[in-house]
1. If we scan the range 531-541, do we find a residue that is modelled with pLDDT of 85 or more and either assigned to a strand (DSSP E or B) or out of contact with any helix residue (DSSP H, G or I) (no Cβ under 7 Å at 6 or more places or on another chain) (or both)?
2. For the condition closer than 19 Å to residue 455 by Cβ and either in contact with a strand residue (DSSP E or B) (Cβ under 8 Å, 6 or more places away or on another chain) or buried (at least 20 other Cβ atoms within 10 Å of the Cβ) (or both), what is the one hit in 528, 550?
3. Checking residue 403 against (1) farther than 30 Å from residue 315 by Cα; (2) free of Cβ contacts under 8 Å to residues at least 40 places away in the same chain, only one condition comes out false. Which one?
4. Return the residues of the range 562-573 that are at pLDDT 85 or above and part of a loop (DSSP other than H, G, I, E, B); say none if nothing qualifies.
5. Using the structure shown, decide if residue 416 is free of Cβ contacts under 8 Å to residues at least 40 places away in the same chain and either in contact with a helix residue (DSSP H, G or I) (Cβ under 7 Å, 6 or more places away or on another chain) or closer than 23 Å to residue 86 by Cα (or both).
6. Does residue 342 meet the test of being touching a residue at least 60 places away in the same chain (Cβ under 8 Å), closer than 30 Å to residue 306 by Cα and touching a strand residue (DSSP E or B) at 6+ places or on another chain (Cβ under 8 Å)?
7. Could you tell me whether residue 199 is out of contact with any helix residue (DSSP H, G or I) (no Cβ under 7 Å at 6 or more places or on another chain), outside any loop (DSSP other than H, G, I, E, B) and at pLDDT 90 or above?
8. When only residues in the range 448-470 that are touching a strand residue (DSSP E or B) at 6+ places or on another chain (Cβ under 7 Å) and at pLDDT below 85 count, which is farthest from residue 528 (Cα to Cα)?
């Protein structure tokens with residue numbers, strides 16, 4: 001790769017140019033660019049000794065921290081490809097990802113691994129962090145086509161898909177992002193998991209620009225940012241804007257707010273923009289297969305937001321966008337295809353899926369490919385506007401969800417004969433997943449047991465808010481699941497009547513939660529979000545609960561979801 005196109009060489013140039021500049025702030029600690037460069041080189045040398053070489057895969061199971069940043073850099077310096085895995089995911093989920101990817105090593109924060117996978121584990125902190133002695137590392141000559149990372153997304157075949165992203169695609173995105181997004185050279189908030197490629201804009205974009213990463217974890221959701229530590233760049237999903245506006249005002253950036261992960265509308269952005277007229281808004285669009293983001297629409301400071309949906313704009317430098325009809329002819333409305341340097345290599349071990357999504361580009365004689373996004377868009381006044389999906393894929397909280405993956409997992413539950421999953425948008429809250437199942441005649445399983453089964457195997461965003469047991473699942477005349485009929489049939493049930501004896505704290509919190517939800521009679525084991533709760537409602541619940549002496553935080557509600565689990569067996573006020 002040429003130096004101008006390599007993330008690693010750009011980062012190392014930043015370290016040489018400003019070695020004492022702060023690179024990462026993690027809680028009460030921080031490190032400079034020269035320290036980050038040295039520590040990641042030290043770990044890369046250890047990875048080489050452990051067998052990581054050019055093209056080898058290393059899984060990184062580390063929550064947001066300084067060690068995470070060191071680990072990602074080290075894997076790439078060693079010539080390897082990193083697989084980010086959220087260590088908070090269910091053990092069976094982690095096990096399945098590691099089994100599918102077959103990494104050479106797992107990097108963790110303390111040398112332990114949450115699963116029993118037969119993969120050697122290395123302690124990132126113990127291996128290098130804080131060491132001052134230099135380590136020799138012979139550089140690897142990387143090409144644009146060497147793998148940078150592998151990341152899993154929801155799969156329509158019933159299991160997650162691993163997307164293979166090359167160094168050339170990653171470097172192309174990061175260079176384009178630094179050109180288009182002011183503020184990446186300042187204080188940049190990192191709050192989302194590295195297993196969500198959404199986070200790479202901040203994690204690696206700041207290091208490309210010479211900025212400072214301010215790394216925060218879920219626990220920090222219950223803290224606000226001091227006024228004298230204003231961020232210059234923050235990236236959020238549109239669905240989290242209201243939560244942050246009311247509950248985390250210190251997270252608002254002084255220069256650029258990037259929204260991504262799901263469709264943005266002027267009505268969602270307007271309340272924040274009214275109090276932040278001088279900040280640039282960047283609406284980013286891009287499937288994982290096009291390396292984080294391939295289209296941007298910039299709303300400059302002072303510019304008025306037009307009503308309706310916010311455009312996704314146009315392709316980044318070098319990216320070609322094609323709006324094609326059913327005959328693959330250019331049109332003003334149709335499916336969006338993406339071509340250019342940011343296209344991923346394909347899917348890990350899925351040659352048919354790769355061939356169906358990464359197709360030959362008929363508009364280029366050089367033999368290039370284009371990615372079929374499955375998104376319907378319109379081109380108006382020279383910019384693109386997102387309209388809808390061409391298939392059943394769902395986006396919730398920025399995560400792409402294939403209903404077939406959830407249904408396939410449900411089919412593994414004992415007694416389940418058939419399963420189908422749809423999306424439901426209630427009048428009072430955000431989009432939810434709803435699962436429908438039929439059970440075998442002798443089976444004894446409840447909706448609560450099936451949700452618990454899924455929660456042990458899938459990340460939280462893939463667990464349906466409701467599970468409904470039916471006598472039969474309606475089919476169309478062609479034998480496919482009748483999604484429209486299921487939507488008409490579904491009527492959200494009220495909270496379950498468990499008849500359980502409540503402690504005084506449980507009774508109080510149930511009453512507070514019921515009030516926040518508009519009068520729903522919430523039981524101690526009912527899913528707060530399944531009864532219409534949103535992240536904003538969760539924030540209101542935390543505020544009211546603290547007025548009554550409760551000390552739990554927003555993260556506890558988001559993760560645990562029920563009154564009984566939020567309080568826990570040993571809770572005291």
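The values are calculated or read from the model by the stated rules, or taken from the named source; none is laboratory data. Just so we're clear, the structure is a prediction, and the values are computed from it rather than from any experiment. FYI the Cβ positions are ideal-geometry reconstructions off the backbone, even for glycines, and counts take in every protein chain you see.
1. No, that holds for no residue.
2. After ruling out the rest, the residue left standing is 528.
3. (1)
4. Result: 562, single match.
5. Considered against the rule, which asks whether it is free of Cβ contacts under 8 Å to residues at least 40 places away in the same chain and either in contact with a helix residue (DSSP H, G or I) (Cβ under 7 Å, 6 or more places away or on another chain) or closer than 23 Å to residue 86 by Cα (or both), residue 416 comes out as yes.
6. The answer is no for residue 342.
7. So residue 199 fits the description; yes.
8. 461
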